[in-house]
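Presented below is the structure to which this report refers.
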Amino acid sequence: MGLKTISNLYQLLLAIGALYVGILMFLGSGVFATFPPEWIGTMPFTNWSSLAIVGIIIFGIGNAFVSTYGFITKKGTHKTFFLLTITMGLLLFLSALTPVLLVGEWYLPTALFWLLSFIQLSLGLLGFVTKKS
């Protein structure tokens, strides 16, 4: 299994995860039943629903697009695919960093999001550097 295939599958898993968590957020299920009051006025969102919609669009649809692009494109487009992978990894990293900067507190998912973004960035950088076209 090649690096591009591994990266495609990873993008697909991230997309499925983002869609699943986004739906839970939108429905207000489980830990998403109440929005943290300390985030209101500090974060750009005031409820889980708006955050869910943005997350579904950027990370669910975005990663699904990159994965689909990787699966359907032929040789010669590897650099573009891996550049898109790097872009999505940077977006994930920065989105996890934003609450730390705005609220000034770390949350449990922050470390997980950084780990996921590190893997995504590593796959993208490795592919971008090693692929010839």
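Readers should treat all values here as calculations from the given coordinates under stated rules, not as data from a laboratory. The structure presented is a predicted model; accordingly, all values stated were derived computationally and were not measured. Counting neighbours? That spans all protein chains shown, and the Cβs are built from the backbone with ideal geometry, glycine included.
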Exercise. With Ala52, Ala15 as the choices, which residue is free of Cβ contacts under 8 Å to residues at least 40 places away in the same chain, closer than 21 Å to Trp114 by Cα and touching a helix residue (DSSP H, G or I) at 6+ places or on another chain (Cβ under 6 Å)?
Worked result: Ala52
For this session: From the list Trp106, Trp114, pick out the single residue that is assigned to a loop (DSSP other than H, G, I, E, B), closer than 30 Å to Pro36 by Cα and not β-branched (Val, Ile, Thr).
Result: Trp106
Problem set entry | Hey, Ala64 closer than 21 Å to Gly127 by Cβ, in a helix (DSSP H, G or I), small (Gly, Ala, Ser) and touching a Gly at 6+ places or on another chain (Cβ under 9 Å) or not | no
Problem set entry | Residue in region 34-44 that is farther than 26 Å from Leu123 by Cβ, in contact (Cβ under 8 Å) with a residue 12 or more places away in the chain, charged (D, E, K, R) and loosely packed, with under 14 Cβ neighbours inside 10 Å present | yes
Exercise. Any residue at all in region 78-88 that is more than 20 Å from Ala111 (Cα to Cα) and in a loop (DSSP other than H, G, I, E, B)?
Worked result: no
For this session: Check Gly55, Gly70, Gly62, Gly17 and return the single one that is loosely packed, with under 15 Cβ neighbours inside 10 Å and within 28 Å of Phe128 (Cβ to Cβ).
Result: Gly17
Seminar exercise, completed: Residue hits (region 84-126; in contact with a Ser or Thr (Cβ under 8 Å, 6 or more places away or on another chain), β-branched (Val, Ile, Thr) and in contact (Cβ under 8 Å) with a residue 60 or more places away in the chain) are Thr85, Val103
For this session: Test Val31 against the criterion of being surrounded by 14 or more Cβ atoms within 10 Å (Cβ to Cβ) and of a type in the set (Val, Ile, Thr), and give yes or no.
Result: no
Seminar exercise, completed: Out of (1) over 17 Å from Leu12 (Cα atoms); (2) of a type in the set (S, T, N, Q); (3) in contact with a Phe, Trp or Tyr (Cβ under 6 Å, 6 or more places away or on another chain), the one Ser117 does not meet is (1)
For this session: Take region 95-116 and flag every residue that is in contact with an Asp or Glu (Cβ under 8 Å, 6 or more places away or on another chain) and under 16 Å from Gly55 (Cα atoms).
Result: Pro99
